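In what follows, a single structure is set out as C-alpha cells and then discussed.
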Amino acid sequence: MFKKVLIANRGEIALRIIRACKELSIRTLAIHSEVDAATLFVKNADEACLVGPGPIEGYLNIYRIIDLAKQKGADAIHPGYGFLAENAEFAQACQDNNLTFIGPSPKAIRMMGDKIAARKIMKKAGVPIVPGLMAPIQSLGDAEGFANKIGYPVMLKASAGGGGRGLRVCNNRDELKKFFQIVRSEAKIAFGKDAVFMEKFLLSPHHIEIQILADKHGNVTHLGERDCSIQRRHQKLIEIAPSLMLDDALREEMGRAAVRAASAVNYDSAGTVEFLVDANRNFYFLEMNTRIQVEHTVTEEVTGIDIVKEMIRAAAGQRLSQLQDEIFLRGYAIECRINAEDPQQQFVPTPGEITSYYSPGGFGIRIDGNIYKGYVVPPYYDSLLAKVTVRAMSWSGAVQRMHRALDEYVIRGVKTTIPFLKQVMQDPDFEKGRFDTSYIDSHLEKLNIASAENGMDKVIAIAAVIAAHSRKETRPLGKERRKKSQGR
Ligand code: MV4
C-alpha cells in the first residue's frame, strides 16, 4: 500500500480523500492556494504545501505538483474531480516519474475524452449509443443532410467536450446553420479541437449513470445507478440512488453494458458510464467519466462500499473487496448540493463570510463539506459548500429525511441553495418520483425560481462578484468599514 498520497485538489473532495487515506493508514500531503490556507482539508492533511501563483494555477501546475510529490516522498497522487482529474498528460507524467496516478490509465482517459472515439468503442463493444454520426462533421451540407436523415431536433456536440460543455440543440435547418459554426469555434477555443458531431436529440430523457469499480486483475464490477436528471444548465443539483424508473432487469442490463464499456478500455479504477434513458426505457451510452464524481456518496450509501478507498486500493494493485455477486443495494439515498448561490437570482455565486454554521445530524445523514463558521467562501472556485446525503429504507422516507436535514441546516452570511432544495423536497412531483431532465425548466414557477434566458447575464453577474471581492481585498480595512456603515 502507498505510504503517502499527494491530493491534487481542494475543498470537500480533498477532505473526502484524506478521510479514506486515514482509514488506510496512508499519510496525506495537501497542496493549496493562499486563499485556501486556513481551510479544513489543509488542517486535516498530515502535511500541506502552498502552491501558487494565484488561486487556481497551483492546482493545475502539473510539473510543480509532481516535483512536490517527489520532494516530499509521496508515492501516489489522487486528482479528485475537476482540475487535473481527466488530464491524460498528467496521468502520463505521474507514470513517467514513478508516481502512481490514482485513476485509470492515460490511454483510457484519452479514449473516453474523445467522444467520437468513445462512440466507436461502444458500438464495437455492443453498448447502445444515441443515433448519430460516427465521424466529425465536414461541412454544413454534410450536417444538413444527416439532420434530414435522422430528423430534427438534433444536438451538436464537441468531440472533445463533455459534462454539458460544447452542446447545442437545433430544432430546424436555420438553427443548425447558426449553431454549427458557433459550436465549432467554441470547441476550438475551449478544447483546442473543432471536431463536432451530431446526435438525435432525445426529448426529456432520464440521465442515468452507472458506477464502475475495476482493478488491475481484470475484475470489473458495477455498483448500480444514480439518477442525475435534476440539473440546471448541466449543473447537477440533486442525485439519487437507485433510480425510481429502473427495475432489477433493466438495472442488470445497463450494469452489464457499463461493465462492457469499461472493459473495452481496460479500465482499472473507479469510473462512471453515463446513459440517457427515454420514456420507453431504451438506454443509450452518452459518455464515460474517468474520475471520482461529486455524487459518488449516494452509491456508497446504498451499497455500503467506500468507493474512494476501493479506488486507492485498486491503484496500489489490490483486488476489489467485493465481486459482483457480493454487491447489493439497500434502501434509497439522496444527495443535495449546498452551493453558495442565490436561487432567486439565476443561481449567481454568493461568495462571502459564513457568519454562523450548524450542520444537521442524526440517523441516516451524512455531510461532506469543507466549511465552518468564519470560513470565507472565495469567488474563484465552484460554489459547492457541502453535500448532504441521506439514506432511508423507502423513497418517501429518504425525501422526508432530506427535508428534515435541510430544515436543520443553518448557514448564515451567504445565500445558499438550501431554500430551493427544501421546496423540491416538498414538491408532489418529486415526492412521487416524477422527474426527468426537463424537471427544473418545467417547475420554475412552482419552485419559485426565475428563468434566465440570457446566459450573458450570469457572466456579467459573476464578473461583478469577482470585482467586488477583489475591491474588498485591496481596500484598507478602515475605509471598508466606514463605507459599509455609511451605506447601510
Ligand atoms: C443529450 C441529451 C439529449 N439527446 N444528447 C447533457 C450533459 C452531457 N453529458 C450530455 N447531455 C445531454 N445530451 C442527446 N442526444 C440530453 C442531455 C441532457 C440534458 C439536456 C437538456 C437539459 C438537461 C439535460 C440534463 C442531462 C442531460
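Scanning the stretch 397-420 for residues that are in a helix (DSSP H, G or I) and not charged (D, E, K, R) returns Gly397, Ala398, Val399, Gln400, Met402, His403, Ala405, Leu406, Ile418, Pro419, Phe420.
Within the stretch 212-221, identify whether any single residue is within 24 Å of Gly132 (Cβ to Cβ), in a strand (DSSP E or B) and more than 16 Å from the ligand (Cβ to nearest atom), and answer yes or no. Yes, that holds for at least one residue. For the stretch 252-265, the condition holds for no residue, the condition being that it is of a type in the set (A, V, I, L, M, F, W, C), over 30 Å from Val399 (Cα atoms), within 16 Å of the ligand (Cβ to nearest atom) and surrounded by fewer than 16 Cβ atoms within 10 Å (Cβ to Cβ).
Quick grid of which residues meet (1) open to solvent by less than 10 Å² (accessible area, probe 1.4 Å); (2) touching a helix residue (DSSP H, G or I) at 6+ places or on another chain (Cβ under 9 Å):
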position	(1), (2)
Lys43	no, no
Val51	yes, yes
Leu84	yes, yes
Cys94	yes, yes
Met111	no, yes
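Among residues of the stretch 415-443 that are under 15 Å from Asn339 (Cα atoms), those with a Cβ under 7 angstrom from a residue that is open to solvent by 40 Å² or more (accessible area, probe 1.4 Å) and part of a helix (DSSP H, G or I), sequence gap 6+ or separate chain, pair up as Lys422/His403; Lys422/Asp407.
Leu203 - would you say it is open to solvent by 60 Å² or more (accessible area, probe 1.4 Å), within 11 Å of the ligand (Cβ to nearest atom) and over 30 Å from Arg313 (Cα atoms)?
For Leu203, the condition - open to solvent by 60 Å² or more (accessible area, probe 1.4 Å), within 11 Å of the ligand (Cβ to nearest atom) and over 30 Å from Arg313 (Cα atoms) - is met.
The single condition among (1) in a loop (DSSP other than H, G, I, E, B); (2) open to solvent by 10 Å² or more (accessible area, probe 1.4 Å); (3) within 16 Å of the ligand (Cβ to nearest atom); (4) under 26 Å from Asn87 (Cα atoms) that Lys236 does not meet is (1). Residues that are open to solvent by 40 Å² or more (accessible area, probe 1.4 Å), within 15 Å of the ligand (Cβ to nearest atom) and assigned to a loop (DSSP other than H, G, I, E, B) within the stretch 126-170 comprise Pro128, Pro131, Met134, Tyr152, Gly163, listed in sequence order. For the stretch 382-394, the set of residues classified as open to solvent by less than 30 Å² (accessible area, probe 1.4 Å) and either without any contact (Cβ under 8 Å) to a residue 12 or more places away in the chain or under 23 Å from the mean Cα position of the chain (by Cα) (or both) consists of Ser383, Leu385, Ala386, Lys387, Val388, Thr389, Val390, listed by residue number. The single condition among (1) within 24 Å of Val298 (Cβ to Cβ); (2) in contact (Cβ under 8 Å) with a residue 60 or more places away in the chain that Val220 does not meet is (2).
Scanning the stretch 246-287 for residues that are in a strand (DSSP E or B) and over 20 Å from Gly103 (Cα atoms) yields Phe275, Leu276, Val277, Phe283, Tyr284, Phe285, Leu286. Out of the stretch 268-291, which residues are away from the ligand (no atom under 16 Å from the Cβ) and open to solvent by less than 10 Å² (accessible area, probe 1.4 Å)? Of everything in the stretch 268-291, those that are away from the ligand (no atom under 16 Å from the Cβ) and open to solvent by less than 10 Å² (accessible area, probe 1.4 Å) turn out to be Ser269, Ala270.
Residues that are surrounded by 17 or more Cβ atoms within 10 Å (Cβ to Cβ) and either over 18 Å from Ile116 (Cβ atoms) or of a type in the set (Phe, Trp, Tyr) (or both) within the stretch 171-194 comprise Glu175, Leu176, Phe179, Phe180, Phe191, listed in sequence order.
The values are calculated or read from the model by the stated rules, or taken from the named source; none is laboratory data. The model shown is predicted, which means the values in this text are computed figures rather than measured ones. Don't worry about glycine lacking a Cβ; one is built from the backbone with ideal geometry, like all the others, and counts go over all protein chains shown. Side chains included, ligands, DNA and RNA excluded: accessible areas come from the protein's heavy atoms. Shrake-Rupley method; radii C 1.70, N 1.55, O 1.52, S 1.80 Å.
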